[in-house]
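The values are calculated or read from the model by the stated rules, or taken from the named source; none is laboratory data. Since the structure is predicted, the reported quantities are computational estimates derived from the model, not experimental observations. Ideal geometry is used to build each Cβ from the backbone, glycine not excepted, and the neighbour counts take in all protein chains shown.
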Amino acid sequence: MVDAASSCIKQSGGWIVAHQFYSDVMAVLTVSCPREAVAELEAMLSEAGFTLHGAATGSPGRGDEVSVQLVLNALHGGPDVRRTVPAFG
């Protein structure tokens with residue numbers, strides 16, 4: 001799902017600024033996108049099979065860019081794949 005979203009982002013002229021993965025059930029992508037390409041990004045995501053629950057209006061960015069946060073939830077019948085991560089510091 002992240003690869004598909006990434007392809008849509010790149011094809012619409014946007015780029016991923018940051019990401020966070022929460023096991024195999026959710027990923028959060030922070031995206032910068034040209035303001036005029038936001039509607040195209042929404043259309044591409046929809047065509048790729050993503051269900052959009054809100055307009056990607058974005059927050060004000062620098063000049064002609066907006067920042068958009070995409071929250072990708074994976075709905076599947078299997079258990080959440082969790083791994084023990086040792087403490088570090």
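Descriptive notes on the structure:
- When region 5-24 is filtered for residues that are part of a strand (DSSP E or B) and among the aliphatic types (A, V, I, L, M), the ones remaining, listed by number, are Ile16, Val17, Ala18.
- Residue pairs meeting the criteria (Cβ under 7 Å; at least 6 apart or on separate chains; first touching a residue at least 24 places away in the same chain (Cβ under 8 Å), in region 1-25; second of a type in the set (Asp, Glu)): Ser12/Glu40; Ser23/Asp80; Asp24/Asp80; Val25/Asp80
- Residue that is surrounded by the most Cβ atoms within 10 Å (Cβ to Cβ), among those in region 1-36 that are under 13 Å from Val68 (Cβ atoms) and aliphatic (A, V, I, L, M): Val31
- Among residues of region 29-55 that are part of a strand (DSSP E or B) and of a type in the set (Lys, Arg), none has a Cβ under 9 angstrom from a residue that is surrounded by fewer than 16 Cβ atoms within 10 Å (Cβ to Cβ) and modelled with pLDDT under 90 at a sequence gap of 6+ or on a separate chain.
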